[in-house]
Amino acid sequence: MQLLNQVMISGNLLERFRNAERLLALTGAGISAESGVPTFRGGGDTAVWKGMPFDVVSSAQMVNRDLPAVWEWFDYRRQLLNALKPNAAHLELASWQSRFRNFNLVTQNIDGLHQLAGSRDVIELHGSIWSARCTTCHSRQQINREGERADACLDCGDPVRPDVVLFGEMLPAGAFETAAEAARSCELCFVIGTSALVYPAAALPEIARDSGAFVCEVNPEITPLSNLCHEVLTGKAGEVLPLISAAAKV
Ligand code: APR
């Protein structure tokens, strides 16, 4: 066991990190907390929007009932995000992409900070706030950093909606299947900054564990997943992840 900055990291984990070829990282809102993105269940003032709990304004029903109100919420969040930068945790994971022969980064986040940090081929389970989708033909259009977006589909002219998974909706086709395949084939799985309450994303560490992988959680708090993990690193992702790489280099 090595005590680094109050974080206990086992020799077993460091050995596996040094020798692993197939690694999966699953991230949640907590990895973006140090960049200033409020988490969903960590309190903060954005869990409620204009008197509506976030899971009401971020719901499929709301798209049908009041699409402009949904856009107002996502336009506000995108504006917030625009000023924020990736933190040390995002940058560390981006560096892991070239370190491991088979590295998969699966995120529940829609903030695009992994890509801004340089990560490629990020599996976005819940979509992206930087994309809009037609409510009829489903064609997508990118929303630029200035936040400019068309209200209507560029192909069929019908209204567009945020290209994110809203409450009551299924994940984008293929995203979970690709993530589950990565979980089944990985040797080492890191679960970073998620409360592990939302499925099917929260099932991925279980799939990895049941397929023989070593599962490590990084979170300042205990979650329902902690007991299932082989190792729990209690701390902030931006502090813990660089420690792992630094210790593994020894
Ligand atoms: N580093 C690591 N973890 C952190 C940090 C940090 N600096 N700060 C907070 N956390 C942890 C919290 O302890 C909590 O366990 O991050 C977790 C954030 O949990 P949630 O807010 O529930 O976010 P997440 O798990 O990503 O939510 C899943 O729910 O609301 C939906 O679609 C939304 O993708 C989201 C999904």
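Answer with yes or no whether LEU166 is within 20 Å of the chain's Cα centre (by Cα), under 23 Å from ALA89 (Cβ atoms) and at pLDDT below 95.
Answer is no for this residue.
So, ALA150, is that one away from the ligand (no atom under 14 Å from the Cβ), hydrophobic (A, V, I, L, M, F, W, C), surrounded by 17 or more Cβ atoms within 10 Å (Cβ to Cβ) and not in a strand (DSSP E or B) or not?
In short, no.
Keeping to region 76-90, report how many residues are buried (at least 19 other Cβ atoms within 10 Å of the Cβ) and hydrophobic (A, V, I, L, M, F, W, C).
2
Each row is one residue, and each column tells you yes or no for (1) open to solvent by less than 50 Å² (accessible area, probe 1.4 Å); (2) farther than 28 Å from PRO224 by Cα.
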site: GLU15; (1), (2): no, no
site: ARG22; (1), (2): no, no
site: THR27; (1), (2): yes, no
site: PHE54; (1), (2): yes, no
site: MET62; (1), (2): yes, yes
site: ALA69; (1), (2): yes, yes
site: PHE74; (1), (2): yes, yes
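When residues of region 97-120 are filtered for being surrounded by fewer than 20 Cβ atoms within 10 Å (Cβ to Cβ) and within 14 Å of LEU23 (Cβ to Cβ), how many remain?
Total meeting the criteria: 6.
Mind telling me which of the residues GLY193, GLY238, GLY168 ends up being closer than 21 Å to GLU34 by Cβ, within 14 Å of the ligand (Cβ to nearest atom), in contact with a strand residue (DSSP E or B) (Cβ under 8 Å, 6 or more places away or on another chain) and not basic (Lys, Arg)?
Result: GLY193 is the single residue among GLY193, GLY238, GLY168 that is closer than 21 Å to GLU34 by Cβ, within 14 Å of the ligand (Cβ to nearest atom), in contact with a strand residue (DSSP E or B) (Cβ under 8 Å, 6 or more places away or on another chain) and not basic (Lys, Arg).
Please enumerate the residues belonging to region 14-40 that are closer than 16 Å to ALA201 by Cα and of a type outside the set (Val, Ile, Thr).
LEU24, ALA25, LEU26, GLY28, ALA29, GLY30, PHE40
Could you list all residues from region 156-173 that are part of a loop (DSSP other than H, G, I, E, B) and either open to solvent by 10 Å² or more (accessible area, probe 1.4 Å) or free of Cβ contacts under 8 Å to residues at least 12 places away in the same chain (or both)?
Matches in region 156-173: CYS156, GLY157, ASP158, VAL165, GLY168, GLU169, MET170, LEU171, PRO172, ALA173.
Quick one: which residue in ALA203, ALA180, ALA208 is surrounded by 21 or more Cβ atoms within 10 Å (Cβ to Cβ), modelled with pLDDT of 95 or more and either of a type in the set (A, V, I, L, M) or within 22 Å of ALA60 (Cβ to Cβ) (or both)?
Details: ALA203 fails: surrounded by 21 or more Cβ atoms within 10 Å (Cβ to Cβ); ALA180 fails: surrounded by 21 or more Cβ atoms within 10 Å (Cβ to Cβ).
Only one candidate qualifies: ALA208.
Being open to solvent by less than 10 Å² (accessible area, probe 1.4 Å), in contact with a helix residue (DSSP H, G or I) (Cβ under 8 Å, 6 or more places away or on another chain), at pLDDT 95 or above and of a type in the set (Asp, Glu) is true for just one of GLU231, GLU217, GLU239. Which residue is that?
Checking each option against the conditions leaves just GLU217.
Can you confirm whether region 96-113 contains a residue that is small (Gly, Ala, Ser) and farther than 19 Å from VAL37 by Cβ?
There is at least one residue in region 96-113 that is small (Gly, Ala, Ser) and farther than 19 Å from VAL37 by Cβ.
The values are calculated or read from the model by the stated rules, or taken from the named source; none is laboratory data. Quick caveat: nothing in here was measured; it's all calculated off a predicted structure. Virtual Cβ from ideal backbone geometry, glycine too; neighbours counted across all protein chains shown. Calculation scope for accessible area: heavy atoms of the full protein, side chains included, ligands and nucleic acids excluded. Shrake-Rupley method; radii C 1.70, N 1.55, O 1.52, S 1.80 Å.
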